[in-house]
Amino acid sequence: MVWDPLLRIFHWLLVVCCLIAYIFEDKMFNLHLLVGSIIFGLLIFRLIWGVIGTKYARFSGLNCSIHALIQHLRGLARLEASPHIGHTPAGRIMIIFLLAGLLMLTVCGLMLYGLENSALFGASFMAEVEIDTILWIEDMHELIADVLALAALLHIAGVLLESILQKQNLIRAMITGYKTVEKENI
């Protein structure tokens with residue numbers, strides 16, 4: 001057992017919510033707002049679980065040296081398996097990137113909603129914000145969403161490549177929690 005049930009539920013809820021938010025951004029704003037809020041709540045949970053959670057859920061397990069990352073990427077370029085019990089070095093970097101990006105995305109979204117509706121804490125301050133600032137935050141929100149969509153595709157490609165190289169279904173491992181590793185690279 002590598003991935004605990006809470007981590008797996010978090011992961012798949014996040015996937016579903018991100019897809020819904022991205023697909024229905026312009027078409028159904030209330031749905032976009034709802035799932036964006038859920039994503040923010042999921043991120044708060046993940047930040048807490050990254051400190052107090054199980055071994056492979058903790059952020060302390062995401063430490064990755066540049067040497068390990070380069071060695072791992074060179075192995076991938078040679079199509080060599082790089083078994084790890086938890087995340088690979090590239091996977092560790094991707095998790096940090098995706099979580100940080102999603103946090104920035106949701107904060108931008110909350111700021112936009114607050115500015116446009118005077119609905120958040122500090123709304124009186126936000127009423128003083130110029131339209132250029134609002135447009136800049138909106139542009140950042142869209143840019144971050146697009147970059148994260150590309151990163152998610154890269155993440156999926158990496159999972160599929162590692163699944164082939166390691167000769168195991170890593171998607172199933174994120175569903176069941178179980179992963180088989182003969183010898184871990186460090």
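Values in this text are rule-based calculations from the coordinates and carry no lab data. Computed from a prediction, not measured in an experiment: that's the story for all the values here. FYI the Cβ positions are ideal-geometry reconstructions off the backbone, even for glycines, and counts take in every protein chain you see.
Along segment 94-102 the Karplus relation, 6.51 cos²θ - 1.76 cosθ + 1.60 evaluated at θ = phi - 60°, assigns HN-Hα couplings of 5, 4, 4, 4, 5, 5, 5, x, 5 Hz to successive residues, with x for each Gly and Pro. Helix 5-23 and the longest principal axis of the Cα set of the chain meet at an angle near 50°. If you sort the three axes of the alpha carbon gyration tensor as a ≥ b ≥ c, you get a/c of 1.5 or more for segment 19-94 and a/b no higher than b/c, which makes it oblate. Our summary gives the chain a relative contact order of 28 percent, counting only alpha carbon pairs under 8 angstrom and 6 or more residues apart. Taking amide hydrogens as placed 1.01 Å from N in the peptide plane, the amide H of Lys179 sits under 5 Å from those of Val2, each at least 5 positions away in sequence or on another chain.
With a Cα cut-off of under 20 Å and a minimum spacing of 8 residues unless on different chains, the lysine pairs in the chain number 4. Seen against the Cα atoms of the chain and their longest principal axis, helix 131-166 is set at about 20 degrees.
Taking Cα atoms of the chain, Rg/Rh with Kirkwood Rh, to two decimals? Answer for the chain: 1.03. Under the simplified labelling scheme, the Met104-Leu153 pair shows an inter-label distance of 1.9 nm, with each label point 7 Å from Cα along Cα→Cβ. In the chain, the longest principal axis of the Cα atoms and the axis of helix 66-77 are about 70 degrees apart. Segment 1-54 gives an Rg/Rh value of 1.07, both radii derived from C-alpha positions and Rh following Kirkwood. With θ taken as phi - 60° and the Karplus curve 6.51 cos²θ - 1.76 cosθ + 1.60 applied, the whole-hertz 3J(HN,Hα) list for segment 25-35 is 3, 8, 7, 9, 4, 4, 5, 4, 5, 4, 6 Hz, x standing for glycine and proline.
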